[in-house]
Amino acid sequence: AVPRTRILATGGASHNKTILQVLSDVFNAPVYTMDTANSACLGSAYRAIHGLVAERNVSLADVVRSAPEPRLAVTPTAGAEEV
């Protein structure tokens, strides 16, 4: 089974529930947030770590297992996908 799409929102706008709800409704997907400082750089940092350990056949999934668990912020409004 293919996992459902989910959105991970970071940065200043991720603190605005209204913006998150619009994202959720437009993409018909739940939105998650993380309370991580400098989150905009987080993806790049994990890719850099992956590059360092790639020769040992470590997958990106294994590298990001240590990432903080995102928390569910909002879910799509019922019927929003029809609009």
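May I ask you to give the solvent-accessible area per residue for the chain, in square angstrom, as obtained with a 1.4 angstrom probe?
72
First measure r as the distance between the Cβ atoms of N57 and M34, then evaluate 1/(1 + (r/R0)^6) with R0 = 35 Å and state the FRET efficiency to the nearest 0.05.
Result of the calculation: an efficiency of 0.80.
With a cut-off of at most 14 other beta carbons within 10 Å, and DSSP calling the residue loop, which trypsin sites (Lys or Arg not before Pro) in the range 34-83 qualify? Please list them.
Qualifying residues, ordered by number: R65.
What percent of all Cα-Cα pairs in the chain falls in each 10 Å bin, counting up from 0?
17, 38, 30, 13, 2
The values are calculated or read from the model by the stated rules, or taken from the named source; none is laboratory data. Predicted model only: the values in this text are computed from it and were never measured. Backbone-built Cβ (ideal geometry, glycine too); neighbour counts: all protein chains shown. Accessible surface areas use protein heavy atoms only, side chains included; no ligands, DNA or RNA. Shrake-Rupley method; radii C 1.70, N 1.55, O 1.52, S 1.80 Å.
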